[in-house]
Amino acid sequence: MGYFVTGATGFIGRFLVPLLLARGKTVHVLVRKGSQKKLAALREAWGATDAQVIAVVGDVTRPALGVADADLRRLKGKVEHMFHLAAVYDLNASAEEQMAANVEGTRHAVEFAEAVGAGCFHHVSSIAAAGLYDGVFREDMFEEAEDLDHPYFRSKHDAEGVVRRECRRPWRVYRPGFVVGHSKTGFIDKIDGPYYFFKTIQKMRSLLPPWMPTVGIEGGRINIVPVDFVVAALDHIAHRKGLDRKCFHLTDPEPSRIGEVLNIFAKAAHAPMMTMRINARMFGFIPAPIVYGLASLAPVKRAIRVVLNDLGVPRDVFQFINWPTRYDNREAAKALKGSGIEVPQLETYAARLWDYWERNLDPDLFIDRSLSGRVKDKVVVVTGGSSGIGHATALKLAEAGAKVVIVARDQEKLDATKAEIEKAGGRCYAYSCDLTDMAAIDALARTVLADHGTVDFLINNAGRSIRRAVLNSLDRFHDFERTMQLNYFGAVKLILAFLPKMVEQKRGHIINISSIGVLSRAPRFSAYVASKSALDAFTECAASEFLDKGVHTTNINMPLVRTPMIAPTKIYENVPTLSPDEAAGLVVEAIVYRPVRIATRLGIFAAICHAAAPKVTQVLLNTAFNMFPDSAAAQGRKDGQQPPPLTAEQMAFAQLTQGIHW
């Protein structure tokens, strides 16, 4: 006598089979022809031989599991326990797929059990079979299930009904809670249940420090159990005498609310925790037609879809936030009494679940996040590509396999950069152009498109900065004109020139090297910041028009970078700055991840200060303005006198506000 297991290569099966093997009996495993290699690998992991784990070719979608007549005759009378685990556990699966695998598959398994005269048929169902029952659902309840509209709930309920009504062999039904990874190793083979929220937690961790309190939801109680508890309980109960025709809830007798569960995983991930949690039921007073009406609006639907896709969360999950059902498990508890098998507290193993997910299942691990994966053989135009940030960016792009098109005024510097790239084995094409000349930009665009056929990335890096107080600029209106001409009009003209091709090919990425000054609005940079702010605003307004055409935009609010542009300002020799290579790293980040904006935390904090306390922020900026003087040139002096070294107070302030232009 031995065992027969369907779904043995699945998540629960891979842990149940070793427990059955430990009882010294043969385990027959149903496998599709295409899964035999997977079974062979598992057999090796289990340390079992072909004689201990025997493959039986079949398919749950076929009558009697599609097992050959010869195998049926061979197995007749030799199956003491049959475990039916095979099923679809996927909220994203279609109703047809779930009914075929879960309901018809169970019917075929029951037919097989009858054909081979199985001693006992063990059906692994789910708490989903109860639907969204409002109250306590006992193990002896079945027909009382409520709200089975969701295809997964319906399929699990109907599959259990097949066993109860059609199985003539002795049977037992097991309803596990939400099964998560192994409590000792964290292993799991797919993202499901609470794992859907891990990406949200991860993003919160990257945005906020762990000590910052956040607001979240309370929700209903979600019943979570680790797979090692489920298989241990299943194995133990299956071998107890006198328990046929009973159902057992393999659940946590003290489940936590969804908000508590998310906080447990947030703590495990070192992410901010939801200090204040709002009970989602409080929104129940809003009439359903209003909710559905808003959710059906095209802009709302699309926004929701984009956010959920980014987070990897199925929309159906939110139907279950206020999970109303509690599961009485007294029959299971009675059967497990004295065995030492009990549900461990989630807090004791949540860190293992998180660690395994982040190392093995995080969707970002399976996306090519390399620069090469984005730009190899793509045409990338970099303005200001002969020096500073543009030069460093061009080197990185060429090393990653891009066709780098560098644009600047100085032909000699362009040729030097081109030679440097080609010496390293990269591809570089240099074009001299005055980006304050609109006609010259049109000619440049025509030439680049004629030479290369397309532009995949446009990096607007060329720029001009002027550090001068407004009172020292009263007779220098041309400062405002020339910064606007290059930083704004030149960049916009280039965007307009290349945008039609990007839209035509349904792909493209426009990256603007903006400034932290747009967020901090530091004094003395009114001309420069105004021009960069204009470009930021243009891009943000325009981006919404062609996002659905495959064209992405990113504004990089770059902090202070040590480039030739800041060299005339001597005080910058003694304040913290980024190197051009570090700045190019932010451009690489923009290309790889395609965010709408890249900014330092200090820049974001400065923008928040302007919004939350504008008057106080102006006082602080005025203090900084008086702390750092204009240069001699900005003051109109020609005495050649060097500025005095920074005082300790100035140095401390510059360190505290690292990256901001003063």
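The values are calculated or read from the model by the stated rules, or taken from the named source; none is laboratory data. Quantities reported herein were computed from a predicted structural model and do not represent experimental measurements. Heads up, the Cβs are rebuilt from the backbone with ideal geometry, glycines too, and the neighbour counts pull from every protein chain shown.
Some notes on this structure:
- When residues of the stretch 207-245 are limited to those that are small (Gly, Ala, Ser) and either part of a loop (DSSP other than H, G, I, E, B) or outside the structural domain of Tyr152 (by TED's automatic domain parsing) (or both), the one farthest from Phe83 (Cα to Cα): Gly219
- Any hit, the stretch 583-592, residues being loosely packed, with under 14 Cβ neighbours inside 10 Å, at pLDDT 80 or above and in the same structural domain as Ile510 (by TED's automatic domain parsing): no
- Residue identified as among the hydrophobic types (A, V, I, L, M, F, W, C), touching a residue at least 40 places away in the same chain (Cβ under 8 Å), within 30 Å of Gly77 (Cα to Cα) and in the same structural domain as Ala64 (by TED's automatic domain parsing) among Phe142, Phe112: Phe112
- Members of the stretch 6-20 that are under 30 Å from the mean Cα position of the chain (by Cα) and not in a helix (DSSP H, G or I): Gly7, Thr9, Gly10
- Scanning the stretch 346-369 for residues that are exposed (fewer than 13 other Cβ atoms within 10 Å of the Cβ) and either assigned to a loop (DSSP other than H, G, I, E, B) or of a type in the set (A, V, I, L, M, F, W, C) (or both) yields Leu365, Phe366, Ile367, Asp368, Arg369.
- Selected residue (only one of Val136, Val88, Val103 is in the same structural domain as Val67 (by TED's automatic domain parsing) and in a helix (DSSP H, G or I)): Val103
- The sole residue among Phe121, Phe142, Phe112, Phe137 that is under 18 Å from Arg32 (Cα atoms) and at pLDDT 95 or above is Phe112.
- Residue ID - farthest from Pro363 (Cα to Cα), chosen from residues in the stretch 593-616 that are surrounded by fewer than 16 Cβ atoms within 10 Å (Cβ to Cβ) and among the basic types (Lys, Arg): Lys615
- Unmet criterion (only one of (1) modelled with pLDDT of 95 or more; (2) surrounded by fewer than 21 Cβ atoms within 10 Å (Cβ to Cβ); (3) not assigned by TED's automatic domain parsing to the domain that holds His452) for Val313: (1)
- Of the numbered criteria (1) free of Cβ contacts under 8 Å to residues at least 12 places away in the same chain; (2) over 26 Å from the mean Cα position of the chain (by Cα), the one Leu207 fails is (2).
- Here the condition is being touching a helix residue (DSSP H, G or I) at 6+ places or on another chain (Cβ under 9 Å), in contact (Cβ under 8 Å) with a residue 12 or more places away in the chain, within 17 Å of Asn487 (Cβ to Cβ) and of a type in the set (Asp, Glu); of Asp456, Asp434, it holds for Asp434 alone.
- Residue within the stretch 401-419 that is under 24 Å from Arg507 (Cβ atoms) and either among the aromatic types (Phe, Trp, Tyr) or in a helix (DSSP H, G or I) (or both) present: no
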